[in-house]
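Have a look at the structure below before the remarks.
The values are calculated or read from the model by the stated rules, or taken from the named source; none is laboratory data. Just so it is clear, the structure is predicted and the values come from calculations on it, not from any experiment. Cβ placement follows ideal geometry from the backbone for every residue including glycine, while neighbour counts extend to all protein chains displayed. The area values use the complete protein model at the heavy-atom level, side chains included, leaving out ligands, DNA and RNA. Shrake-Rupley method; radii C 1.70, N 1.55, O 1.52, S 1.80 Å.
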Amino acid sequence: MGCGMGKSELRLKKCDRVTISVPAATAIRAALLIQRWYRQYVARLEVRRRCTWNIFQSIEYAGEQDQIKLYNFFGFLMHHFTPASSERNLISHIFRENEICHHAEWERYFCCESVEVPDSYDGPHLTFPMTFCGVSKLVEAFKHKQLLHARYVLQLLGETWRLLRILTNINHVSTCHTKEITICGDLHGHLEDLLLIFYKNGLPSSEKPYVFNGDFVDRGKNSLEILLILFGFLLVYPNDVHLNRGNHEDHIVNMRYGFTKEVLGKYRVHGKKILKLLQKIFSWLPLATVIDHKVLVVHGGISDTTDLDMIARVDRHKYVSALRPPKTTHHAVNGGKTMNSNDSEASGPVEARRRVCSLSHHRSPPPQWHNLPRRSLHNLPMSSQLSWSVEEELKKRRRLAGLDQSYGELQRSDPDPECGATAETDEQEWKQIVDVLWSDPMPQNGCVPNEVRGGGCYWGPDVTEEVLERHNLQLLIRSHECKQDGYEFCHNRKVLTIFSASNYYEVGSNRGAYIRMGPDLVPHFVQYQASRACRELTLRQSVGWTERSALRALREQLFVHKSDLISGFQEFDPNNTGMISLRHWASATESVLKLGLPWRVLRPQLVSSTQYSMVDYQQWIRELSITEPKLEISDTSILETMYKNHSNLETIFRIIDTDHSGSISFEEFHQTWKLLSSHLKTEISGEAIADLAQSIDFNKDGSIDINEFMEAFRLVDLSSHT
């Protein structure tokens, strides 16, 4: 009828359906192809990002390992050289502890009444006791890059020290239905990140409690500002702001990673005093926080021997530096007088210094250490002084002490009975603190020394289960490791890493994050990137930016090891053809640098051309595109040693610069190199060192300042400018 449809019309409709369905199927196939391509594209970017991450992290951990090895070497010198030796005197001040000072003496040291604030000062004026208004003004001032006057810095540090002394080793925090607690990880001097956290989450208050989980300082440019802000809020809200100690709250670590330099640069007159006070304050920072008796918050982690009851009892202020054991006392024969085993002023054959060879392996020292004949380089006959080297002295001491050719490893021996229960307890307590500050989780079961960092341990899921169950806990929150997303779960979601410094390695390298946690103890994450430039980059641009930075750092490492690399390559090239396979290139490169990197994956970014899977390694070394300062010295062999160990040299420089003037004399520079050459077990002639000192002294004033020192080491990657 009228609503019917003819056959021709029906055929037309069918035809229409056919013609419509064909483009639809094509579109679906195209969409699937695009989706597949995009997933492959993102996967390739992710591979590049992970390789970049491995480069940054491997170089970072290698530096931490070097720092601990260097400090162990200093400890070796302190043990084997008499107090009169010049080499021992150069470093003895970093081994002196402050426990000999009573609280009243420290009160006088914190006194700042003689420091006047001039009328020209336009920064914030603080009043004490601190108020919320005062800390808010401090935050605003630092936001606008103002500098707090030294008088207020000293006052703030003094008030903080007095408060920290009455806090327990483990903070106990409770949540309630009306508020959440915020947990932040490493900040590392990134003031932008702290300000962004406050902007997004609110300032600390009784309604907005915070836990800051250590590593406030080093690497970034505003470590001191972060400390002053956090200390200010701690004074105003002592029950709602909780600060845990990190492994970088350590004056010996600060010498290498920038905080010492930062403070002295900002406060030239009072910087030394500020550093001394902070050294004391760091030792009084609490070691852990427990939320609702169920969540443990520590900076590094745990080990199979972690005992929270022991950690709660230790005298934490004894551990001014966690890189070495605490003092132990022994009773001498002469009238029962108590001697301090780490007192740098002690002398005589009775001096018995307990020493642990590393942060990972703890063995009792051989008994003969306590009876070693002490010898000063100054006490040698004049003819011997001219030919005697620190290395010869060390070799002799190693033989006498039962050491092999590596000063860091002790031969097995029976424990020293004189140490007694006190020394054993002290070492157990020290190990507890080292593990809490330095350890990292691993996916395998067990607990092994953390040889990548050089301190603490790697612990597995079984250790997590055992420690949490033993203390009736359900979650461990830690920091200490940079994560690309700012956080990461592991060990069946019972260990959570939180890291709050975004753009840690390079702009775009990682997000920062913090945790909000309510009474249900379920962590909620907030991620961010503090750099506006990074937020405007696409994923490809961000990965490319950080990849170029990582490869630049890696090429510098390759350049400074070029002699060792050539020797390693030649082992696979017996006929001296100049060509080796990619497999041998990767194997030799890893054996020299020991960074644990996927070299064959990185090969396209590092080796410009290959023929039949062969590498022309001589040409490759020439094409690294690194240029070095033109130092006019006759012995060029010293240059590679200098570039390879410039961080160790800078650390020794800052140790020898005891007055923090920023410069050292030629003689002190000579002593710096003697210490380094002994540490490396290499011989560098006095003439070569003198020649180098003259070349580094650019302004020819007879001394070397830190700027000249660093300029001499500055390598330039030419490829980054093309």
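Considered as a group, the residues in the range 560-585 that are at pLDDT 90 or above, under 20 Å from LYS644 (Cα atoms) and hydrophobic (A, V, I, L, M, F, W, C) include one that is most open to solvent (accessible area, probe 1.4 Å), and that residue is ILE566. Select from the range 462-485 the residues that are open to solvent by 70 Å² or more (accessible area, probe 1.4 Å) and either assigned to a strand (DSSP E or B) or touching a helix residue (DSSP H, G or I) at 6+ places or on another chain (Cβ under 7 Å) (or both) and list them in ascending order. The answer is GLN474, and nothing else.
Residues that are at pLDDT 50 or above, among the aliphatic types (A, V, I, L, M) and part of a strand (DSSP E or B) within the range 400-449 comprise just one, VAL448. Of the set (1) in contact with a helix residue (DSSP H, G or I) (Cβ under 9 Å, 6 or more places away or on another chain); (2) surrounded by fewer than 16 Cβ atoms within 10 Å (Cβ to Cβ); (3) within 19 Å of ILE181 (Cβ to Cβ), all apply to ASN492 but (3). Taking the numbered list (1) open to solvent by less than 20 Å² (accessible area, probe 1.4 Å); (2) modelled with pLDDT of 75 or more in turn, ARG654 passes all entries but (1).
Residues that are of a type in the set (D, E, K, R) and over 18 Å from VAL463 (Cβ atoms) were ranked within the range 281-304; the one that is nearest to the chain's Cα centre (by Cα) is LYS294.
Scanning the range 566-602 for residues that are outside any helix (DSSP H, G or I) and in contact (Cβ under 8 Å) with a residue 24 or more places away in the chain turns up ASP573, GLY578, MET579, ILE580, SER581, LYS594, LEU595, GLY596, LEU597, PRO598. Checking each residue in the range 587-611 for being over 16 Å from LEU624 (Cα atoms) and of a type in the set (A, V, I, L, M, F, W, C) picks out ALA588, VAL592, LEU595, LEU597, VAL601.
Listed residues ASN222, ASN201, ASN239; which is touching a strand residue (DSSP E or B) at 6+ places or on another chain (Cβ under 7 Å) and more than 20 Å from GLN67 (Cβ to Cβ)? Unique residue meeting the criteria: ASN201. If you scan the range 259-275, which residues turn out to be surrounded by fewer than 20 Cβ atoms within 10 Å (Cβ to Cβ) and in contact with an Asp or Glu (Cβ under 8 Å, 6 or more places away or on another chain)? Passing the criteria: only LYS272.
Determine, yes or no, whether GLN428 is of a type in the set (S, T, N, Q), surrounded by 15 or more Cβ atoms within 10 Å (Cβ to Cβ) and more than 19 Å from the chain's Cα centre (by Cα). So GLN428 does not fit the description; no. Could you list, in sequence order, all residues of the range 450-461 that are open to solvent by less than 10 Å² (accessible area, probe 1.4 Å) and in a loop (DSSP other than H, G, I, E, B)? ASN450, ARG453, GLY456, GLY460 - these are the residues of the range 450-461 that are open to solvent by less than 10 Å² (accessible area, probe 1.4 Å) and in a loop (DSSP other than H, G, I, E, B).
Within the range 276-300, the set of residues being open to solvent by 30 Å² or more (accessible area, probe 1.4 Å) and in contact with a Ser or Thr (Cβ under 8 Å, 6 or more places away or on another chain) comprises just one member, ASP292. Contact annotation: residue pairs with Cβ atoms under 7 Å, 6 or more positions apart or on different chains, pairing a residue in the range 603-622 that is free of Cβ contacts under 8 Å to residues at least 60 places away in the same chain and part of a loop (DSSP other than H, G, I, E, B) with a partner that is acidic (Asp, Glu) and open to solvent by 50 Å² or more (accessible area, probe 1.4 Å), are SER608/GLU623. Taken over the range 508-539, the criterion of being β-branched (Val, Ile, Thr) and open to solvent by less than 40 Å² (accessible area, probe 1.4 Å) is satisfied by ILE515, VAL526.
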